[in-house]
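The structure appears right after this line, and notes come after that.
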Amino acid sequence: MEITFAVLLWAVRIAFLVLLYLFLVRAFSALQRSLAAEQAVAARPAGIAFLVVQRSVRGAPRVGERMPLRAVNSIGRDAGNDVVLNDEAASARHALLEFADGEWWVEDSGSTNGTLVNGESIRSRERLQYGDELAVGRVALRLEQA
Amino acid sequence: MRSRGAAPRAALHVGAVRGGSSGGGAPRTAGGGVPRRRTAELGLLVWVALLALAGFAAVVGAETSAFGPAVIVVPAIYLGLVLALHVFLVLRRFRGDQLLFPLAAALTAIGLVLVQRLASDLLLQQLSWALIAGGAFVATILIPRDLTTLARFKWTWAFLGLVLLVAPLLPGIGREINGAKIWVKIGPGSIEPWEAVKLLLVIFFAGYLEEYREVLAQAPRRIGRFPVPPIPYLLPIIAMWGMAMVVMVFEKDLGATLLFFGIFLAMLYLATGEAFYTLIGLALLLGGGFVAYHAFPHVAARVDIWIRPFADELRFGAGYQLVQGLFALGNGGLIGAGLGNGLPERIPVVWSDFVFDAFAEETGFLGAAALLAVYLLFVYRGMLIALRAPTTFLQLLAAGLSFIVALQTLVIVGGNARLIPLTGITLPFVAYGGSSLVTNWMLVALLMRVSDASARIRGT
């Protein structure tokens, strides 16, 4: 078939529409990419480590929830704690978890039911390593690196 | 109450934004450093270039039955401008959004293609306006050094806006074109001052509402579920309503009335979260419109044309423009008649009032939908910038500016498609018109600067 001017003109017209849509698709994916980048910034872990819920009663707190930790964290049932555990067996101010000299330390704050590390009740300030399990009331938490 | 509540907050904002912009503004650029690459923007601009070339090839080709050198010249000049602006942003180490600029550039390119198609004798003029718009864009990126200073001079902006608004009514400099007294004669040409007024008003509203939003949001008394607004603080609202009505009555410009009032209600709602104020405002607008419909023949005529454009006495008279526009829309079909192949010349003043119908006729439903999608992306991006803005003033500013584009597009496309009465508002970036192009590019620059401020503060 001979390529006439009219055919060429139509090709250009169609090309304009196609280009308009390609531009739209590109713009849309650029928007999505920038949103994803912003989200990555926002999702950057807030804490220096996490307590991950291993077991709990009646989903309070939900198993698998990651609680961000700061340098010093109070754990207990009160809303004023850094890590709030909505469990009846936990005391209002149950334990203190802090990061000092490159190590994590846990201390019971005079709770009714005591604090356990890897199943053993703690008496004084005890060292905690990543992967250790901390039991407060009926909630089991594992210390994880950020 | 207001001095205690507002002053420390404002001071904090100034501090925050100053800290951000002085860190990355002129001093740091002068001190050297790597230019900041804007890859996403450049990538999109390539597509804008292809789009402009294809558009001009189709339109010029259809007109002259050959692909001559004329196909290249105008898009080349325009693309040179766009590239220069991009390089300017890169050298300036500008961190603002990379999406708005290509979107606005694409819309302006489509606008140039349509001016070539619909009124090629005006092309040179529109191209010069695009160059001036580029200059205005650069100026808005550069000054003021700190966007928050805009809030401090809010009453100045309000006063300036008022002066510009009534300027067309003054004898000697005012002009009436196509039935609307919205023009001011300057030298050989004339400009539409209200285009600038819309920016000034958004800046004023953002500054005013930042200061008084708490007073307005926490109404001291309620009657039932409805808050009783603190009257003194609402006076500016009432004044705005009165002004909108004055514009409508004396300048015969329904579009500007709708736009000003819409911006105001939207920003009031954004600042206070009180839907009731918006409802009051809408009721006032409807009430005013109803009175105007009965009192003023030019308002009644617009509504008549909208309701029954095919009536015998209107079809070839006052409603001719709209009827031809509707035929053009219908003629477009799915993929359109092809650029340069339709009959949009049949619509009177098609290059300024009915560009949307012309574009829809020649590129069809597909093209029109894509055009609206570009606007949607623009507004969506603008609102995201508002959400992430660091201070209340910048948030309100960005939201208001995005809303201008959204409302203007809605009002003119709705008018062209006979969803609402037709008003003489311009389709942003696309319609022929210098004042509109220049102010819209300043709007883009302001939005980009808000996103620049938040990027600097968050260190991304």
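FYI, it's all coordinate maths here, none of it is from the lab. The model shown is predicted, which means the values in this text are computed figures rather than measured ones. Cβ: placed from backbone, ideal geometry, glycine included. Neighbour counts: every protein chain shown.
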Does B:L419 satisfy the criteria of being aliphatic (A, V, I, L, M) and more than 14 Å from chain A (Cβ to nearest Cβ)?
yes
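Taking segment B:32-90, which residues are at the interface with chain A (Cβ under 8 Å from one of its Cβ atoms) and over 25 Å from B:A119 (Cβ atoms)? First the steps, then the outcome.
Within segment B:32-90, the subset at the interface with chain A (Cβ under 8 Å from one of its Cβ atoms) is B:40, B:43-44, B:47-48, B:50-51, B:54-55, B:57-58, B:61-62, B:65-67.
If the condition is that a residue be at the interface with chain A (Cβ under 8 Å from one of its Cβ atoms) and over 25 Å from B:A119 (Cβ atoms), then B:A40, B:G43, B:L44, B:W47 are the ones that fit.
So, B:P230, is that one over 29 Å from B:A167 (Cβ atoms) and surrounded by fewer than 18 Cβ atoms within 10 Å (Cβ to Cβ) or not? Don't jump to the end; show me each part of the working.
On the way: over 29 Å from B:A167 (Cβ atoms): yes; surrounded by fewer than 18 Cβ atoms within 10 Å (Cβ to Cβ): yes.
So B:P230 fits the description; yes.
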Give the residues of segment B:312-327 that are surrounded by 14 or more Cβ atoms within 10 Å (Cβ to Cβ) and either touching a Lys or Arg at 6+ places or on another chain (Cβ under 7 Å) or in a loop (DSSP other than H, G, I, E, B) (or both), sorted by residue number.
B:L314, B:A318, B:G319, B:L322, B:V323, B:Q324, B:L326
Can you name every residue in segment B:365-388 that is buried (at least 22 other Cβ atoms within 10 Å of the Cβ) and either over 20 Å from the mean Cα position of the chain (by Cα) or at positive phi (or both)?
B:G367
Members of segment B:60-77 that are closer than 17 Å to A:F16 by Cβ and not in a helix (DSSP H, G or I):
B:F67
Only one of B:M448, B:M442 is under 30 Å from B:D146 (Cα atoms) and surrounded by fewer than 21 Cβ atoms within 10 Å (Cβ to Cβ). Can you tell me which?
B:M442
If you take just the helices (runs of 4 or more DSSP H) that sit entirely in segment B:343-460, which of them hold at least 1 residues that are charged (D, E, K, R)?
B:350-353, B:355-388, B:434-458
Just to check your reading of the model, which residue among B:R381, B:R456, B:R388, B:R449 is touching a Ser or Thr at 6+ places or on another chain (Cβ under 6 Å), closer than 25 Å to A:L31 by Cα, of a type in the set (D, E, K, R) and touching a residue at least 60 places away in the same chain (Cβ under 8 Å)?
B:R388
